[in-house]
Amino acid sequence: MDVSEVLAAHKNKFKSVSVEGKIIPVEYDLGLLTAYDQNPVEESELKSKKDEYLQALSRDNAQLLFNEIFQLQTISDDNGVMAMLPAPTTLLPREKPLPKPKPETRWEKFAKAKGIVNRKKERMVFDDATGEYKPRWGYKAINDDGTKDWIIEVPSGANPMEDQYEARREAKKERIDRNDKRRQRNMEEAAVATKMDQKAVNKGERPNMDNVRALKRKEIENQILISKNSTASAGKFDSAIKGDLKPKGIKRQFEPTVTADLSKEKAGNMNILDRVVGKNGEDLVNVRKAIKATKGRR
């Protein structure tokens, strides 16, 4: 039984893996699974058979890319055979802009001025009392601020009836609260400094924090003035407070309702009448402009 014709017909269904006709060699970046074809496009075929031409061109370039991938070194594991891709060579643009430099905190500025270098300490420290390694800080720390001492000496000048364990716990809470306030203050000052020196931040420079307090005080004053206007009388009939801030700006001046000089009252009424009726018989409506607008609508 001769099956050569059947095999030939089956082979003709698939195109060859070799692609010819590329005048300019195709460039590859296998790290990104990308091929760059810089050959000119056949304009006549593109106009006459656009879809067929683009489909054939895409198929040939994809075949060339697969041929390069199959020449790479391969490894086998539970997932199957995989090719070892090289490092990408094409520089792609960033998805997001570069991160802005953070403003220096008070401690960073002080350490920089004094030449203090932070040294990383190990988290676990050996405890001679228990013979075990314990964290330097946090839960089950080695010292725990002395709250686990079985006996505490009463300091000189302290009340002998005072609970020293409770005093140490209160002192620890105060230190934690004080550190939290400092951290919050540093965050607020950094935010204000970033707002003040946005141009310096965009240039990659550290923002200047010398005028941070002044700007922060100004913002607080503005908030106080806004809160004063939240009453029903907009702060007009509120009781005055010593050292209270006074709003700056132009205030409205109202003319008295009854005046001895009637000429001013007459002049004011005439001005209002001229704006409503028109002065010296002048038309308040621009007739030409109205005609043009009517024609444009038609």
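Observations
- If you go through the range 202-237 and keep only what is open to solvent by 70 Å² or more (accessible area, probe 1.4 Å), part of a loop (DSSP other than H, G, I, E, B) and modelled with pLDDT of 65 or more, you end up with ASN229, SER230, ALA232, LYS236, PHE237.
- Cβ-Cβ contacts under 7 Å between residues 6 or more apart (or on different chains), taken from a first residue in the range 14-29 that is open to solvent by less than 70 Å² (accessible area, probe 1.4 Å) to a second residue that is among the hydroxyl-bearing types (Ser, Thr, Tyr), are listed as VAL26/TYR36; ASP29/THR89; ASP29/THR90.
- Positions within the range 80-132 being under 24 Å from LEU32 (Cβ atoms) and among the polar types (S, T, N, Q), in sequence order: THR89, THR90
- Residue check: LYS96 meets all listed conditions (1) under 30 Å from ALA190 (Cβ atoms); (2) modelled with pLDDT of 85 or more; (3) surrounded by 12 or more Cβ atoms within 10 Å (Cβ to Cβ) but one, namely (3).
- Residue within the range 57-64 that is open to solvent by 90 Å² or more (accessible area, probe 1.4 Å) and of a type outside the set (A, V, I, L, M) present: no
- Long-range neighbours under 8 Å by Cβ, at least six apart or interchain, first residue within 20 Å of VAL17 (Cβ to Cβ) and free of Cβ contacts under 8 Å to residues at least 40 places away in the same chain within the range 62-88, second assigned to a loop (DSSP other than H, G, I, E, B) and polar (S, T, N, Q): ALA83/GLN73
The values are calculated or read from the model by the stated rules, or taken from the named source; none is laboratory data. Please read all numbers here as calculations on a predicted model, not as lab measurements. Neighbour counts are summed over all protein chains in view; Cβ atoms, including those assigned to glycine, are modelled from backbone coordinates with ideal geometry. These area figures cover heavy atoms from the full protein model, side chains too; ligands, DNA and RNA do not enter into them. Shrake-Rupley method; radii C 1.70, N 1.55, O 1.52, S 1.80 Å.
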